[in-house]
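Reviewing the structure listed below.
The values are calculated or read from the model by the stated rules, or taken from the named source; none is laboratory data. Being a predicted model, the structure only gives us computed values, none of them experimental. Here the Cβ is made from the backbone with ideal geometry for all residues, glycine too, and neighbour counts use every protein chain on show.
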Amino acid sequence: MKKIAIIGRPNVGKSSLFNRIVKKRDAITSQQAGTTRDVKRRTAVIINKEVQLLDTGGLDKGCELFDKIKEMSLKAAYKADIVLYMVDGKGLPEEEDKKLFYELQAMGKDMALVVNKIDNDKMKEKLWDYYEFGTDAIFGISVAHNRNTVELLEWIASKVPDSDIVEEEGESEEEDDGISIIEPETNDEDFFSNITPHEEEDDGFTYWDDNEMDGVIIDDTIFGQNDKIKEFDEEDINHIKIAIIGRTNVGKSSLLNALLGEERSVVSSVAGTTIDPIDETIDYKDKQLTFVDTAGLRRRGKILGIEKYALMRTTEMLENSNMALVVLDASEPFLDLDEKIAGLVDSNRLGCIIVLNKWDISKREEHDKIITDIRDRFKFLAYAPIITLSALTHQRVDKLHDLILEINENYSQRISTSALNEVMEKAMRRHQLPSMRGQVIRIYYATQYETRPPKIAIVMNKPRGLHFTYRRYLTNKLREAFNFTGTPLLFKAKKRGEK
């Protein structure tokens with residue numbers, strides 16, 4: 001598959017063209033220079049030929065961050081087969097643009113000069129200024145108005161071999177509006193307002209965790225048709241989607257690069273370097289691992305400008321993930337914000353690993369104290385294992401891959417009804433169920449009806465009579481009997497005979 005890199009200075013319309021070609025609002029676009037920082041990769045079909053499209057950050061220089069963005073963008077261009085060098089047609093040709101254009105052209109790549117923002121016929125005269133680049137492959141377009149893009153797409157398709165032809169599908173409904181940002185429906189001030197560990201929704205589910213101390217009532221709800229487990233396709237189970245989350249500057253992008261074994265995400269000391277979530281898939285022991293480096297999260301009052309769009313994308317990524325790596329900075333005290341971010345894992349019911357990063361510069365002699373602090377602060381993630389590592393030096397990063405596979409097995413496992421009930425019966429023989437207002441409470445049987453995460457139904461005579469202390473006791477027994485490390489347990493109670 002041919003790789004096509006869109007490259008150019010900041011604010012020339014690279015991300016807008018990227019969105020236009022992939023036919024959806026994928027890359028975040030704004031008037032702020034430097035919105036795109038990492039290289040975003042997507043598969044696209046251009047006139048029935050499949051390509052990999054790369055959206056790169058602006059070629060600017062000055063501070064440490066912009067120098068690294070430029071470096072990553074040029075690396076992507078050097079590796080690409082076709083380069084679309086994009087400029088702003090409202091200005092005059094820049095000497096730096098010419099220098100980079102000639103340098104890439106000298107490498108023998110197929111290159112086109114894309115002059116954007118030629119919004120009307122009068123502005124076509126501006127194209128003459130750009131013929132001094134010395135190329136015949138010059139296209140004056142307007143991404144915002146979708147003008148004169150067909151000729152560019154035809155040129156790209158002519159450079160892609162017929163072996164990459166794919167069957168044409170129906171036109172996307174978003175084809176004509178793939179260049180703008182949807183305004184968020186909620187204010188960024190409310191981003192964390194509804195995130196509370198173990199907050200109960202009206203869906204009949206509750207967590208049974210050994211550190212849960214509140215008395216949440218289990219609803220009398222029907223849990224499924226004929227008590228049958230919902231199975232997942234093998235392809236789904238073998239594809240693990242892992243979100244990397246945490247506050248700013250804890251090392252999420254460095255961890256992504258270490259997991260991939262390459263510099264995929266821009267790393268900088270500037271807080272909030274990652275804006276648009278970056279995802280990358282690798283194969284590991286017959287599994288597909290898709291890692292998503294999300295934007296660092298701040299306190300509500302510090303969320304500014306395009307960061308609110310980044311936070312929207314982060315929540316979308318979490319909704320589509322199976323697992324989360326909660327990254328904490330081992331060299332600094334933990335904050336209340338860390339707890340709120342971890343609450344996103346709890347509310348989305350994801351498998352979880354707590355990653356204690358920057359272990360190389362932490363106070364290692366305080367290891368036990370740090371681990372105790374984590375367990376005290378994140379009681380709602382008591383099931384999550386903790387791994388200490390250094391993304392910078394790659395210390396113990398290799399162990400994280402295998403731990404992810406282990407938790408995926410736990411997250412996807414199916415426990416037989418007979419095995420579940422054997423544990424339940426032993427537990428009930430050891431400690432009898434307490435009565436409720438003199439009424440005898442009976443559990444008839446338990447059965448698992450869904451995976452990812454495991455969901456178990458308890459069939460009993462009075463579902464509301466199950467005391468929270470007894471639920472905690474049963475949870476401990478189930479976790480002792482089965483390996484649920486790294487995964488939450490969801491339960492639903494129902495009366496016998498309900499359908």
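I'd like to check something: does segment 329-351 contain any residue that is at pLDDT 90 or above, over 25 Å from Thr451 (Cβ atoms) and part of a helix (DSSP H, G or I)?
yes
Got a sec? Which of Met111, Met107 is of a type outside the set (Phe, Trp, Tyr), modelled with pLDDT of 85 or more and exposed (fewer than 12 other Cβ atoms within 10 Å of the Cβ)?
Met107
Can you name every residue in segment 379-399 that is of a type outside the set (S, T, N, Q) and either crowded, with 19+ Cβ neighbours inside 10 Å or not assigned by TED's automatic domain parsing to the domain that holds Ser254 (or both)?
Phe380, Leu381, Tyr383, Ala384, Leu389, Ala391, Val397
Any idea how many residues of segment 58-76 are among the charged types (D, E, K, R), modelled with pLDDT of 70 or more and in a loop (DSSP other than H, G, I, E, B)?
Result for segment 58-76: 1.
State all residues of segment 121-138 that are free of Cβ contacts under 8 Å to residues at least 12 places away in the same chain and within 42 Å of the chain's Cα centre (by Cα); if no residue qualifies, say none.
The one that is free of Cβ contacts under 8 Å to residues at least 12 places away in the same chain and within 42 Å of the chain's Cα centre (by Cα): Asp136.
Out of all the residues in segment 155-164, which are over 11 Å from Val114 (Cβ atoms) and either surrounded by 12 or more Cβ atoms within 10 Å (Cβ to Cβ) or touching a Phe, Trp or Tyr at 6+ places or on another chain (Cβ under 7 Å) (or both)?
Step one: filter segment 155-164 for residues over 11 Å from Val114 (Cβ atoms), giving 157-164.
Residues satisfying the conditions are Ala157, Lys159, Val160, Asp164.
Criterion first (among the small types (Gly, Ala, Ser), at pLDDT 90 or above and buried (at least 17 other Cβ atoms within 10 Å of the Cβ)) does Ala80 satisfy it?
On the way: among the small types (Gly, Ala, Ser): yes; at pLDDT 90 or above: yes; buried (at least 17 other Cβ atoms within 10 Å of the Cβ): yes.
Spelling it out, Ala80 is indeed among the small types (Gly, Ala, Ser), at pLDDT 90 or above and buried (at least 17 other Cβ atoms within 10 Å of the Cβ).
Considering segment 420-433 alone, what residues qualify as being exposed (fewer than 14 other Cβ atoms within 10 Å of the Cβ) and either in contact (Cβ under 8 Å) with a residue 12 or more places away in the chain or part of a helix (DSSP H, G or I) (or both)? Break it down stepwise before answering.
Of all residues in segment 420-433, those exposed (fewer than 14 other Cβ atoms within 10 Å of the Cβ) come to 422, 425-426, 429-432.
Result: Glu422, Glu425, Lys426, Arg429, Arg430, His431.
Can we say Lys477 is surrounded by fewer than 14 Cβ atoms within 10 Å (Cβ to Cβ), part of a helix (DSSP H, G or I), of a type in the set (D, E, K, R) and in contact with a helix residue (DSSP H, G or I) (Cβ under 8 Å, 6 or more places away or on another chain)?
no
Filter segment 223-251 down to residues that are modelled with pLDDT of 50 or more, closer than 20 Å to Gln288 by Cα and not aliphatic (A, V, I, L, M), then give me how many there are. Lay out the reasoning, then the answer.
At the first step, the residues of segment 223-251 found to be modelled with pLDDT of 50 or more are 233, 235-251.
Now restrict to residues that are closer than 20 Å to Gln288 by Cα: 233, 235-245.
The next check asks that each one be not aliphatic (A, V, I, L, M); those that pass are 233, 235-236, 238-239, 241.
Selection size over segment 223-251: 6.
Residues to consider are Ile371, Ile415, Ile404, Ile387; find the one that is assigned to a strand (DSSP E or B), under 34 Å from the mean Cα position of the chain (by Cα) and hydrophobic (A, V, I, L, M, F, W, C).
Ile387
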